[in-house]
Ligand SMILES: *Cc1c(COP(=O)(O)O)cnc(C)c1O
């Protein structure tokens, strides 16, 4: 009886409720929140595998539906006190549920989704920084982010200096009185270097900077930046969070005060996520733990195989003991992820042979999906670099980047074996 009352008046409110029914309603709502909502969040949802499935779901479920329906409505009835509900304001039931799920996964105070990873990144930069401000950025950033800094922030007179993520002692000399933020990535693309993230947080605290990290490559399964003191964690949900290479989306998690401001910027830029995409992302996240744990384990096997192969010059994977930041990664991460890159002996020719002979994987950009994807960074993410720049950033012509999918790793290894054997 309580449940039908709850549904009738809370989920499908009417305008003609009298005072008495409001009193009963409030009592039921209070009772419901205490007995189900809060209790579940703190007691039952201890582990990330459980949060992935249940966090964010409305209690009780709407009409008993096991899955949150898509609220395909751009606008909602006005509830007074300036409380507008509208898709661009990122506050529809699909947005709210996703925000709760995401903040819960990273143990953050708050979360916000955006139309793409770049919408999340752009809104964050434009919130934290103003003209004539300065920030420090990792010297190897995702190409889209680098492009945004060069083509948008530079024009707005928002200045930056690049830092070596593994030389914390060199950061202080880059500080200016107007330095406001430090921006890093959990693992770099495509060499999978791991910056000294603990020092980044410490340095930000000591110097009153906002610490921002793009955590796309790790996913919340392998690393949760807010737990380590980062103010803001960013994701391209296009990658691991959704995991099926069928949507674009972005997310910001972290400090509630900052997320609220970023939400306002996102509203102005018009970069909110569509409810249908919210639904797909909410569904995709449900297998995040299964996918990423499997990818962690497959990637380790495949990296170890490649490392011993006589046609392979070098493998970049943080899970290998030979990786320069292996110990750092082991200490901070719960898994080493599904991304790796390797150099072939024999330069450009060898890379061409290998790519042409691959059967199982797609030769395609992007990452984090259920299917294995292979790229040559000199053809995709780093195609604009001069040969000098390629050399200084360690991107060789024979470098191959792989995003390991959830196929059986033995099949991936067989395919790699036959493709490697085609190299003369
Ligand atoms: C893909 C990606 C982005 C951009 O995300 P979109 O969803 O394509 O806008 C940002 N950072 C990293 C590390 C990425 O891999």
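Of all residues in region 254-274, exactly one satisfies the criterion of being surrounded by fewer than 24 Cβ atoms within 10 Å (Cβ to Cβ) and either assigned by TED's automatic domain parsing to the domain that holds residue 361 or on the phi > 0 side of the Ramachandran plot (or both), namely 270.
Selection of region 236-251 for residues being within 17 Å of residue 221 (Cβ to Cβ) and either in a loop (DSSP other than H, G, I, E, B) or modelled with pLDDT under 95 (or both) yields 237, 238, 239, 240, 241, 242, 243, 244. Of the listed requirements (1) crowded, with 19+ Cβ neighbours inside 10 Å; (2) farther than 19 Å from residue 261 by Cα, residue 129 misses just one: (2). Residues of region 360-371 include at least one that is closer than 23 Å to residue 295 by Cβ, assigned to a strand (DSSP E or B), away from the ligand (no atom under 16 Å from the Cβ) and in contact with a helix residue (DSSP H, G or I) (Cβ under 8 Å, 6 or more places away or on another chain).
The set of residues in region 192-208 being crowded, with 21+ Cβ neighbours inside 10 Å and either in the same structural domain as residue 404 (by TED's automatic domain parsing) or assigned to a loop (DSSP other than H, G, I, E, B) (or both) consists of 192, 193, 194, 195.
Tell me whether region 242-253 contains one or more residues that are within 23 Å of residue 319 (Cα to Cα) and either crowded, with 17+ Cβ neighbours inside 10 Å or within 15 Å of the ligand (Cβ to nearest atom) (or both).
Among the residues of region 242-253, at least one is within 23 Å of residue 319 (Cα to Cα) and either crowded, with 17+ Cβ neighbours inside 10 Å or within 15 Å of the ligand (Cβ to nearest atom) (or both), which makes the answer yes.
Only a single item in (1) in contact with a helix residue (DSSP H, G or I) (Cβ under 8 Å, 6 or more places away or on another chain); (2) assigned to a helix (DSSP H, G or I); (3) outside the structural domain of residue 257 (by TED's automatic domain parsing); (4) under 26 Å from residue 290 (Cα atoms) is not met by residue 105, and it is number (3). In region 252-315, counting only helices (runs of 4 or more DSSP H) that sit wholly within it, the ones holding 2 or more residues that are over 29 Å from residue 84 (Cα atoms) span 288-307. Applying the criterion of being in a helix (DSSP H, G or I) and free of Cβ contacts under 8 Å to residues at least 60 places away in the same chain to the residues of region 48-89, the residue that is nearest to residue 219 (Cα to Cα) is 51.
Of all residue pairs spaced 6 or more apart or on separate chains, those with beta-carbon atoms under 7 Å, a first member in region 231-246 that is within 14 Å of residue 403 (Cα to Cα) and a second member that is part of a loop (DSSP other than H, G, I, E, B) and more than 12 Å from the ligand (Cβ to nearest atom) are 243/287; 243/370; 244/370; 245/371.
Do we find a residue being out of contact with any helix residue (DSSP H, G or I) (no Cβ under 9 Å at 6 or more places or on another chain), under 30 Å from residue 286 (Cα atoms) and either within 16 Å of the ligand (Cβ to nearest atom) or not in a helix (DSSP H, G or I) (or both) anywhere in region 216-225? There is at least one residue in region 216-225 that is out of contact with any helix residue (DSSP H, G or I) (no Cβ under 9 Å at 6 or more places or on another chain), under 30 Å from residue 286 (Cα atoms) and either within 16 Å of the ligand (Cβ to nearest atom) or not in a helix (DSSP H, G or I) (or both). Consider residue 239 carefully, then state whether it is touching a helix residue (DSSP H, G or I) at 6+ places or on another chain (Cβ under 8 Å), away from the ligand (no atom under 16 Å from the Cβ) and not assigned by TED's automatic domain parsing to the domain that holds residue 410. Judged against the criteria, residue 239 is not a match.
The values are calculated or read from the model by the stated rules, or taken from the named source; none is laboratory data. Predicted, not measured: the structure shown is a model, and the values here were computed from it. Every residue, glycine among them, receives a Cβ derived from its backbone with ideal geometry; neighbour counts consider all protein chains shown.
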